[in-house]
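The values are calculated or read from the model by the stated rules, or taken from the named source; none is laboratory data. For clarity, every value in this text was computed on a predicted model and none was experimentally measured. Ideal geometry is used to build each Cβ from the backbone, glycine not excepted, and the neighbour counts take in all protein chains shown. For accessibility, only protein heavy atoms count, side chains too; no ligands or nucleic acids. Shrake-Rupley method; radii C 1.70, N 1.55, O 1.52, S 1.80 Å.
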Amino acid sequence: QVHLVESGGDLVQAGGSLRLSCAPSGSILSINTMGWYRQAPGKQRELVAHFTSASTTDYADSVKGRFTILRDNAKHTVYLQMNSLKPEDTAVYYCNTSPMVLLPWGQGTQVIVSS
């Protein structure tokens, strides 16, 4: 059974930066298939960044140019570098496979951006 463990969320001022981490415990096919999702209060969960192949990535328009998905294969960890944060980025952030969700959701990590 694979467990997804997200961390790195925090309260940050608008314009600030955070780096989220996702370290799957257990065996997964490849972290090249991972992506980051988020769910804001009262909204549906959305995919914000993911690997489309071993060497390419894609982003939601709302985060393009500000967020970067990264991976460390040696550490089997996926990161989300978030810069120029906005209050509308406030959400619980999750990692999972993409574009299809194949694993049980983790607890996520809370990001709050104050204005």
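Quick rundown of the values:
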quantity: Residues located in the stretch 90-115, provided they are assigned to a strand (DSSP E or B), of a type in the set (S, T, N, Q) and either out of contact with any Ser or Thr (no Cβ under 7 Å at 6 or more places or on another chain) or farther than 28 Å from GLN1 by Cα (or both); calculated: ASN96, GLN110, SER114
quantity: Pairs where the first residue, in the stretch 1-16, is farther than 11 Å from CYS95 by Cα and among the small types (Gly, Ala, Ser) and the second is open to solvent by 80 Å² or more (accessible area, probe 1.4 Å) and in a strand (DSSP E or B), C-beta under 8 Å, 6+ apart; calculated: GLY8/ARG19; GLY9/GLN110
quantity: Unique residue being of a type outside the set (Phe, Trp, Tyr) and at pLDDT below 95 when the list is THR90, THR109, THR97, THR68; calculated: THR97
quantity: Restricting the stretch 61-89 to residues that are farther than 20 Å from GLU6 by Cα and part of a loop (DSSP other than H, G, I, E, B), the residue that is most open to solvent (accessible area, probe 1.4 Å); calculated: ASP61
quantity: Among (1) open to solvent by 70 Å² or more (accessible area, probe 1.4 Å); (2) more than 12 Å from the chain's Cα centre (by Cα); (3) aliphatic (A, V, I, L, M), the one test that VAL5 misses; calculated: (2)
quantity: Candidate set: the stretch 46-55, residues that are in contact (Cβ under 8 Å) with a residue 12 or more places away in the chain and surrounded by fewer than 15 Cβ atoms within 10 Å (Cβ to Cβ); chosen: the one nearest to GLY9 (Cα to Cα); calculated: GLU46
quantity: Pairs where the first residue, in the stretch 25-45, is more than 11 Å from VAL78 (Cβ to Cβ) and modelled with pLDDT of 95 or more and the second is of a type in the set (Asp, Glu) and open to solvent by 90 Å² or more (accessible area, probe 1.4 Å), C-beta under 8 Å, 6+ apart; calculated: ALA40/GLU88
quantity: Search result, residues across the stretch 49-103 that are among the charged types (D, E, K, R) and under 14 Å from CYS22 (Cβ atoms); calculated: ARG71, ASP72, LYS75
quantity: Failed criterion for HIS3 (all others in (1) closer than 25 Å to PRO87 by Cα; (2) in contact with a Ser or Thr (Cβ under 8 Å, 6 or more places away or on another chain); (3) not aliphatic (A, V, I, L, M) hold); calculated: (1)
quantity: Residue in the stretch 92-115 that is open to solvent by 40 Å² or more (accessible area, probe 1.4 Å) and at positive phi present; calculated: no
quantity: Pairs with Cβ under 7 Å, 6+ apart, first in the stretch 56-70 and touching a residue at least 24 places away in the same chain (Cβ under 8 Å), second not in a strand (DSSP E or B); calculated: none
